[in-house]
1. If a residue must be under 18 Å from residue 233 (Cβ atoms) and assigned to a helix (DSSP H, G or I), how many such residues does segment 60-88 contain?
2. Would you be able to tell me the number of residues in segment 12-59 that are assigned to a loop (DSSP other than H, G, I, E, B), aliphatic (A, V, I, L, M) and over 23 Å from residue 228 (Cβ atoms)?
3. Applying the selection to segment 51-74, what residues are over 18 Å from residue 88 (Cβ atoms) and among the hydroxyl-bearing types (Ser, Thr, Tyr)?
Amino acid sequence: MTDQPARPLYPQATSVAEFAQNIADVRANIAAAAERSGRDASGIRLLAVSKTVPEERLRLAIEAGATDLGENKVQEAKRKAENLADLDLRWSVIGHLQTNKAKDVVSFADEFQALDSIRLADALDKRLQAAGRSLDVFVQVNTSAEEQKSGIDPADALAFLEELKHRDSLHVQGLMTLALFTSDTERVRECFRILRDVRDRARERDLVGPGELSMGMSGDYQAAIEEGSTVVRVGQKIFGSRASIA
Ligand SMILES: *Cc1c(COP(=O)(O)O)cnc(C)c1O
């Protein structure tokens, strides 16, 4: 693609004070974006995306107030959850999951945001039933029509949600998407609007629980909030640039 934005350089936070400053900055931006769109910032959850961040640094961020954590790889997330079990944290798995890893998610996660197939829903449901627990889930929708991205096609989302009604251990909280990675903000916003539109139609049929919208990352969370986001997933802006997209 020719219109990809230059990857911005986010400074690495290495102390509790630096993490506290980054988190305060993000929260201030969330509040400003909420205000611009006539919304209450208390309705917007900040998920700190800690993928690739080693546990020693993660502890500093946690001390600075990041307790709602997002990870995209289940193995890494599970290891961190186990090693940081002394702290009061909430773990959200936000990346694509293979069916054979369902049991790992069930063992530690509080939330799963990338539900994108009935096979996976069944695998999770089976493991959850066996463990005697439920799981909050978001259905990932592919709003950018890019083939390499996971997610249900927006046109199939209502039928998919309808199917999920029969999996009692899965508590649908809403929808999640990754917008197009482009400097063309209008096209980014179009992805967010597609997700909101699917949510609105699903709500009319009572298919989407509270109807949360998980959308917005370091580069686009303010636009996402203006388009209705209720959960923003912010990594690099809090922790610093990652070496790779990971
Ligand atoms: C990495 C990731 C994010 C956060 O991206 P940043 O650029 O670090 O803010 C959000 N959502 C998903 C699904 C991710 O994998």
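1. Within segment 60-88, residues that are under 18 Å from residue 233 (Cβ atoms) and assigned to a helix (DSSP H, G or I) number 7.
2. First, pick out the residues of segment 12-59 that are assigned to a loop (DSSP other than H, G, I, E, B): 12-15, 37-40, 44, 50-54.
Add one more test, that the residue is aliphatic (A, V, I, L, M), and what stays is 13, 44, 53.
Applying the additional criterion that residues be over 23 Å from residue 228 (Cβ atoms) yields 13, 53.
Total satisfying the criteria: 2.
3. Applying the first criterion (over 18 Å from residue 88 (Cβ atoms)) to segment 51-74 yields 51-54, 56-57, 72-74.
The answer is 52, and nothing else.
Values quoted throughout were computed directly from the atomic coordinates according to the rules given, and no laboratory measurement underlies them. If you're wondering where the values come from, they're calculated on a predicted model, not measured in any experiment. FYI the Cβ positions are ideal-geometry reconstructions off the backbone, even for glycines, and counts take in every protein chain you see.
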